[in-house]
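The values are calculated or read from the model by the stated rules, or taken from the named source; none is laboratory data. Owing to the predicted nature of the structure, the values given are computational and were not obtained by experimental measurement. FYI the Cβ positions are ideal-geometry reconstructions off the backbone, even for glycines, and counts take in every protein chain you see. The accessibility values were calculated without ligands, DNA or RNA, using every heavy atom of the protein model including side chains. Shrake-Rupley method; radii C 1.70, N 1.55, O 1.52, S 1.80 Å.
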Amino acid sequence: MPKQNNRKNEHVSLSEKFYDQGKSSFEDIRFVHHSFPQMDVRDVDLSVQLNGLNFAVPFFINAMSGGSRWTGKVNEKLAIIARETGLAIATGSVSAALKDPEQVSTFKIVRETNPNGLVFANLGAGHGIENAKKVVDMLKADALQIHINAPQEIVMPEGDRAFSDWVDNLQSIVDGIDVPVIAKEVGFGMSRETVQLLEAIGIQIMDISGKGGTNFAQIENYRRTDQKLDDLESWGQTTVESLLEAKEVVQQAQIIASGGIRRPFEIIKALSLGASLTGLSSQFMHMTLEDVDQTIKTVHAWKSELASTMTLLGAKSVSELQKTDLIISGQSSDWCTARNIS
Ligand code: FNR
């Protein structure tokens, strides 16, 4: 890993330092076993569609990398994995390339390595339509993720302190861009009020990215040299809580689940809680830094594990999985009670 003097390098190496945060909210979810699956493994169709985008499998490599020489190389490795497995891939925030043209290649490498795959560009909610168009053009992106990350900015020593124009920015991007827009949290989760607000301004895809995996309050606290904001490290809703919130109110929009998803069983649980697609970040970073070829093999094994588990649940498709019987316990059940979620 490189000498630390760049925010993007620090984010990647700190996500690795804090990889595996222990207990996951998915432990609160159990399935009811029914003895007759009444289908065959080969009946399973893993593909999903979101707002005109076709995904071969219900998981993808979520936003992380680019913006420095080293993270450009990491992006190339992630893009090779995406190309060889058919996974969609999002770049990290392309704002670094808007500020410094030398960084453009560290993002473009994703499209160059994976010319025919689904590639998402990523930008923060502080940007308006002009920059949104620039980054979509730069990557010939199939969709644009706009990250909404107020707690991270607050803890980040050099972070933004003004958030009053974020909703207007998002609105102008949804109205003015001709690719699907994904409104995305970064590991703090979404409330049903947020989901309703996003839907009201026309967002069709939301990544609720909840607590339980990468914790940007912890990462930014580590980068602070002055007073740390330790209490904010427990800020936010878990991925399970956020999915339950979204399920309660969402009308037309489709939900992506991310935050602490590390293996096929957690993908299945997130889908059964109403997500149409799942995004994995730190897990892919962890595997990719270790061994690209092995990661490709693991992704293929995951596809078959997903099909096997869906068969046990009698679900031929992700939409059938969304109707599976499940039991919610522990902190996730307490959350439902406190928020009157039935
Ligand atoms: C991220 N994440 C992120 N999100 C985003 O929208 N833009 C970005 O630039 C980044 N950068 C970034 C760097 C690194 C190293 C990591 C690990 C993560 C957040 C990411 O997409 C996701 O929302 C959270 O990390 C939660 O998922 P995991 O990591 O728990 O699977």
- Got a number for residues in segment 303-342 being aromatic (Phe, Trp, Tyr) and surrounded by fewer than 18 Cβ atoms within 10 Å (Cβ to Cβ)? 0
- Message: Being free of Cβ contacts under 8 Å to residues at least 40 places away in the same chain and away from the ligand (no atom under 16 Å from the Cβ) is the filter here; which residues of segment 208-236 pass it?
- Response: Gln227, Lys228, Asp230, Asp231
- Task: Name the one entry in Ala307, Ala315 that is over 22 Å from the mean Cα position of the chain (by Cα) and away from the ligand (no atom under 16 Å from the Cβ).
- Result: Ala315
- For residues in segment 109-123 being part of a helix (DSSP H, G or I) and within 16 Å of the ligand (Cβ to nearest atom), which is nearest to Gln49 (Cα to Cα)? Val110
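Each row is one residue, and each column tells you yes or no for (1) within 16 Å of the ligand (Cβ to nearest atom); (2) out of contact with any Ser or Thr (no Cβ under 8 Å at 6 or more places or on another chain).
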residue: Ser13; (1), (2): yes, yes
residue: Ser25; (1), (2): yes, no
residue: Ile29; (1), (2): no, no
residue: Pro37; (1), (2): no, no
residue: Val41; (1), (2): no, no
residue: Val44; (1), (2): no, no
residue: Phe60; (1), (2): yes, no
- Considering only segment 264-300, how many residues are open to solvent by 10 Å² or more (accessible area, probe 1.4 Å) and away from the ligand (no atom under 11 Å from the Cβ)? 14
- Residue pairs within 9 Å by beta carbon, gap of at least six or interchain, first lying in segment 271-291 and closer than 14 Å to Thr239 by Cα, second in a strand (DSSP E or B) and basic (Lys, Arg), listed first then second, are Gly279/Lys184
- Message: Condition first: open to solvent by 10 Å² or more (accessible area, probe 1.4 Å) and either of a type in the set (A, V, I, L, M) or within 11 Å of the ligand (Cβ to nearest atom) (or both). Now tell me which residues in segment 243-252 satisfy that.
- Response: Leu244, Val249, Val250
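Under the condition of being touching a residue at least 60 places away in the same chain (Cβ under 8 Å) and not acidic (Asp, Glu), which residue from segment 196-207 is farthest from Trp235 (Cα to Cα)?
As a first pass, look at segment 196-207 and keep what is touching a residue at least 60 places away in the same chain (Cβ under 8 Å): 204-205, 207.
Okay, now just the ones that are also not acidic (Asp, Glu), so 204-205.
On the way: Gln204: 26, Ile205: 24 Å.
Out of the qualifying residues, it is Gln204.
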